[in-house]
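The next block holds one structure in the form of structure tokens; read it before the comments.
The values are calculated or read from the model by the stated rules, or taken from the named source; none is laboratory data. Remember, it's a predicted structure, so these values are computed and weren't measured experimentally. Here the Cβ is made from the backbone with ideal geometry for all residues, glycine too, and neighbour counts use every protein chain on show.
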Amino acid sequence: MMVDGVKAFGASVMKRGDTMAKMYFESIAKHYGVDIKVPIKKLPRWFLEKILYGTGDEEINFEYTSSVGTRKFTAPFEGVLPTLDRRHSETKSQGMRTFYEMYMTWSSFKKGNFIY
């Protein structure tokens, strides 16, 4: 089973409100100077690859504000697909494994551990 990039990215972006996912996407967009208020199809491919596969060693300045205060940190972004793959592999909960599998698919096409 492999992470499906379209399902994984779409689910993360579609969340409403102030979520950690929203904070990550906004911070990465700010870092690269990309407007994320456009349809996904209009986002640059290289930017989508950073979101899906991560920023490697490149660090991003993140800032998250909630009712308990503001948290700032700098770190590379793991990527949506590696995060889902890691969480699926590491969880001991069948319920969580089933949840992650909603964003995965069986496929004979393979690019690393992911399909795209």
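Details
- Checked against the criterion of being within 13 Å of I28 (Cα to Cα), among the basic types (K, R) and either touching a helix residue (DSSP H, G or I) at 6+ places or on another chain (Cβ under 8 Å) or assigned to a strand (DSSP E or B) (or both), the candidates K72, K50 yield just one match: K50.
- Sub-7 Å Cβ pairs linking a first residue in the stretch 77-104 that is β-branched (V, I, T) to a second residue that is part of a helix (DSSP H, G or I) and surrounded by 13 or more Cβ atoms within 10 Å (Cβ to Cβ), at least 6 apart or interchain, are V80/A8; V80/F9; V80/S12; V80/I51; V80/L52; T91/R97, ordered by first then second residue.
Residues checked against (1) at pLDDT 95 or above; (2) within 16 Å of the chain's Cα centre (by Cα); (3) surrounded by 15 or more Cβ atoms within 10 Å (Cβ to Cβ):
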| position | (1), (2), (3) |
| --- | --- |
| L43 | no, yes, yes |
| E59 | yes, yes, no |
| T65 | no, no, no |
| A75 | yes, yes, no |
| L84 | no, yes, yes |
| T91 | no, no, no |
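- Residues that are surrounded by fewer than 10 Cβ atoms within 10 Å (Cβ to Cβ) and at pLDDT 90 or above are absent from the stretch 11-20 altogether.
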